Amino acid sequence: TQKDIADLDLDEVDWREGRIRRERSKTHKHDNVPVVSYRLWPETFRLLHQHRNPASSGPVLLNQDGQRLWQERIDGDKYAKNDNIRSAYDRLRRKLQIAKPFKSLKKTSVSLLADSREYRTVRGLFLGHAPRDIADRHYAKAPEALLDEAIAWLREQLNIAVNCPEEDAAAKTPRPR
């Protein structure tokens, strides 16, 4: 979600492995919320490097004014929200004539996983949901390798690889600092 993107902290990104390791913003205060390790697509990793906050701590991404991309506050008795991610996506939607809202990106991915015999079991992990049964909570390790495969598979299903071949993106990926 936009909030998860805005809350992504520099220490949650493995700049060598190209992974994000974090709990969802929405549920991070609850018990049994998994820390999920997402392998980034080469395009995403390259862009994260390119636009990262140069500071040594804090959020990975900031707006042009050096502020968080998503903020909410109460001003007196009024609720105020600033969502730079939605604004940027809305501009992109108009430019490319995309009808679907930002949230549909997540829904589309989960629907594709649900329709896949091979990857349907990682839907909950992909979404950052807490394990539902005792075996998953206490005994079974999260299937990180299967999630990595599913994320790579989603890249193909969404035609990300066609529009930006991995070889080209990998060649452009900056080396870790």
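The values are calculated or read from the model by the stated rules, or taken from the named source; none is laboratory data. Keep in mind that this is a model prediction, so the values were computed, not measured. For neighbour counting, all protein chains shown are included, and Cβ atoms are generated from backbone atoms with ideal geometry for every residue, glycine included. Ligands, DNA and RNA are excluded from the accessible area calculation, which covers all protein heavy atoms including side chains. Shrake-Rupley method; radii C 1.70, N 1.55, O 1.52, S 1.80 Å.
A few comments on the model shown:
- The listed residues Tyr79, Tyr89 rank as Tyr79, Tyr89 when sorted by accessible area, largest first, using a 1.4 Å probe.
- Two-site label geometry, Asn53 and Arg16: point separation in nm, points 7 Å out along Cα→Cβ: 2.3
- Placing a label point 7 Å from the Cα of Lys3 along the Cα-to-Cβ direction, the residues of the range 56-72 whose backbone N falls under 11 Å from that point are 71-72.
- Nonlocal amide H pairs with Glu23, under 5 Å, H built at 1.01 Å: Val36
- In a fully extended conformation the segment linking His129 and Arg93 would gain 10.1 nm over its present Cα-Cα distance, using 0.36 nm per residue.
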